[in-house]
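These notes are about the structure you will find just below.
The values are calculated or read from the model by the stated rules, or taken from the named source; none is laboratory data. Please read these numbers as outputs of a predicted model, since none were measured by experiment. Cβ coordinates were reconstructed from backbone atoms using ideal geometry, including for glycine residues, and neighbour counts include every protein chain displayed.
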Amino acid sequence: MELRQQSPRNVLIYYYIRFSIAFVIELMIASGIIVIANYLAWPIWTVLTVGALLAVQLLFYVVQPWILLKYRYYIIADNYVTKLHTFFFQKEVIVKLERIQFLKRKTGPLLNRFGLCRNSIVTAGEVIELPLMHIDKTKELERHCMNFLEKVDTDV
């Protein structure tokens, strides 16, 4: 079970839908600011600044889902779970299974539509958010952790 695993491909569609909804909300707010700027005769640089910020945000929303899919991994081993971020700065978080206090699983309407879960591992001092994964993988992770924790006799 020590393979480097990614989120499934339909996570990319989920991220694009989620970021599209966020961009529509930001577009409505920016439109309100532009209408107020025209009504109150603010200088043109305010409208241009809002437009530039929207363009940067759109670029961010187009690129970020691809980065989140391609450069985030997790590894489920026999006695530890690892989370990897390999874009620009590389970050690796390793959690021993005996340190786990409990696992959190979050879903929402859009996540349920794609059969995905947002998973967190809670230890005594921190919360480790894993990349999005299928519900089946989540249940497999929970089963693996609970089977391991039944054998451990230490108290965390």
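Of note:
- Checked against the criteria, Ile17 does not count as free of Cβ contacts under 8 Å to residues at least 60 places away in the same chain, aliphatic (A, V, I, L, M), under 24 Å from Leu116 (Cβ atoms) and in a helix (DSSP H, G or I).
- On inspection, Phe88 qualifies as exposed (fewer than 15 other Cβ atoms within 10 Å of the Cβ), in the same structural domain as Asn147 (by TED's automatic domain parsing), under 20 Å from the mean Cα position of the chain (by Cα) and at positive phi.
- Residues within the range 59-79 that are loosely packed, with under 15 Cβ neighbours inside 10 Å and either closer than 23 Å to Ser31 by Cα or touching a Cys at 6+ places or on another chain (Cβ under 8 Å) (or both), tallied: 3
- Each residue in the range 118-140 was checked for being farther than 16 Å from Val11 by Cβ and within 21 Å of the chain's Cα centre (by Cα), and 10 of them qualify.
Residues checked against (1) in contact with a helix residue (DSSP H, G or I) (Cβ under 7 Å, 6 or more places away or on another chain); (2) of a type in the set (Lys, Arg); (3) assigned to a strand (DSSP E or B):
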{"site": "Arg105", "(1), (2), (3)": "yes, yes, yes"}
{"site": "Leu110", "(1), (2), (3)": "yes, no, no"}
{"site": "Arg113", "(1), (2), (3)": "no, yes, no"}
{"site": "Asn119", "(1), (2), (3)": "yes, no, yes"}
{"site": "Gly125", "(1), (2), (3)": "no, no, no"}
{"site": "Pro131", "(1), (2), (3)": "no, no, no"}
{"site": "Lys137", "(1), (2), (3)": "no, yes, no"}
{"site": "Leu141", "(1), (2), (3)": "no, no, no"}
{"site": "Met146", "(1), (2), (3)": "no, no, no"}
